[in-house]
Amino acid sequence: MRGNQKHKNYKIKWTPEFAYAIGLLTTDGNLSSDGRHFDFTSKDIQLINTFKKCLGLNVKIGYKTSDHTDKYYPRVQFSNKKLYQYLLSIGLRPNKSKILGKLDIPEIFFFDFLRGHFDGDGCFYSFWDKRWPNSFMFYTNFISASYKHIKWLRVSLKKLLSIKGALGKQRTVWQLKYAKEESLILLPKMYYDINLPCLKRKRCKIEKIIKLSEGRVRELADRHG
């Protein structure tokens, strides 16, 4: 069901919650071409509810059928012309997947935005590398169909954390991948507080893996402030 979010007196204010929601919209959201409507769809109902809470939305959760399967996925739709125009001003676009570029995100909230981006379209995986005894590897991946956008993420993270990552294309999407050592620098910045909005199951998985490298985390966190 399409919700109508009142926006006459809506105030744009950057907070960790707002930045996180913008990260989700950047990956899993859609701006309608009509200049006012939004759609956010996710396979995870917890992420839908977190998105609603972050933006203060009082709209019902609907469902849509996937274009590739017969499964139904939860979604929220809402209207807010003022927010729509603001998001256009910072770089978001309708039909954005392949044309998205740099976004004007305040540096203080960049990692909240990045966490939303990661929860929407990122992944984290780990494995034992059989080439070396006791070598446990893990990677943090960001994904985008737009080269300009994924390159902007890489440049931003290099500037903020002096990490390079590896950028490559897999089929129709670009992947920005950070291996273990750089992930240990990046992840504590993304998850800097226990009460942050996030996809809980993804955070639990990451925390479980990081515990295996706790000493290394402290060392790198101290080095990078």
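Out of curiosity, is Ile163 within 26 Å of Asn95 (Cβ to Cβ) and either part of a loop (DSSP other than H, G, I, E, B) or not assigned by TED's automatic domain parsing to the domain that holds Ser97 (or both)? The answer is no for Ile163. If the condition is being surrounded by 15 or more Cβ atoms within 10 Å (Cβ to Cβ), touching a residue at least 40 places away in the same chain (Cβ under 8 Å) and either polar (S, T, N, Q) or farther than 25 Å from Lys211 by Cβ (or both), then region 161-183 contributes only Ser183.
Scanning region 48-102 for residues that are more than 22 Å from Asp112 (Cβ to Cβ) and small (Gly, Ala, Ser) gives Gly62, Ser66, Ser79, Ser97. Kindly establish whether Arg131 is of a type in the set (D, E, K, R) and more than 30 Å from Glu207 (Cα to Cα). Taking the combined requirement at face value, the residue does not satisfy it.
Taking the criterion of being farther than 22 Å from Arg201 by Cβ and surrounded by 15 or more Cβ atoms within 10 Å (Cβ to Cβ), the residues of region 11-56 that qualify are Phe18, Asn30, Leu31, Arg36, His37, Phe38, Asp39. Only one of the numbered conditions (1) under 19 Å from Ala21 (Cβ atoms); (2) not in a helix (DSSP H, G or I) is violated by Met137, and that is (1).
For the subset of region 130-146 comprising residues that are out of contact with any Asp or Glu (no Cβ under 6 Å at 6 or more places or on another chain) and exposed (fewer than 15 other Cβ atoms within 10 Å of the Cβ), which member is modelled with the lowest pLDDT?
Ranking the candidates gives Pro133 first.
Residues that are surrounded by fewer than 18 Cβ atoms within 10 Å (Cβ to Cβ) and at pLDDT 95 or above were ranked within region 83-100; the one that is nearest to Lys151 (Cα to Cα) is Gly91. Please determine, by comparing only the residues of region 82-121 that are touching a residue at least 60 places away in the same chain (Cβ under 8 Å) and farther than 20 Å from Thr15 by Cα, which one is nearest to the chain's Cα centre (by Cα). Per the criteria, the residue is Asp121. Tallying residues that are under 18 Å from Ile99 (Cβ atoms) and of a type outside the set (Gly, Ala, Ser) within region 117-153 yields 11. Ser66 meets the conditions (1) modelled with pLDDT under 95; (2) over 30 Å from Phe138 (Cβ atoms); (3) in contact with a strand residue (DSSP E or B) (Cβ under 9 Å, 6 or more places away or on another chain); (4) surrounded by fewer than 17 Cβ atoms within 10 Å (Cβ to Cβ) in every case but one. The failed one is (2).
Every residue in region 158-169 that is over 22 Å from Asp129 (Cα atoms) and out of contact with any helix residue (DSSP H, G or I) (no Cβ under 6 Å at 6 or more places or on another chain), please. Matches in region 158-169: Lys158, Lys159, Leu160, Ser162, Lys169.
Would you be able to tell me the number of residues in region 167-225 that are modelled with pLDDT of 90 or more, among the small types (Gly, Ala, Ser) and not in a loop (DSSP other than H, G, I, E, B)? Residues flagged as modelled with pLDDT of 90 or more, among the small types (Gly, Ala, Ser) and not in a loop (DSSP other than H, G, I, E, B) within region 167-225 amount to 2.
The values are calculated or read from the model by the stated rules, or taken from the named source; none is laboratory data. If you're wondering where the values come from, they're calculated on a predicted model, not measured in any experiment. When we count neighbours, we look across all protein chains shown, and the Cβ atoms used for this are built from the backbone with ideal geometry, even at glycine.
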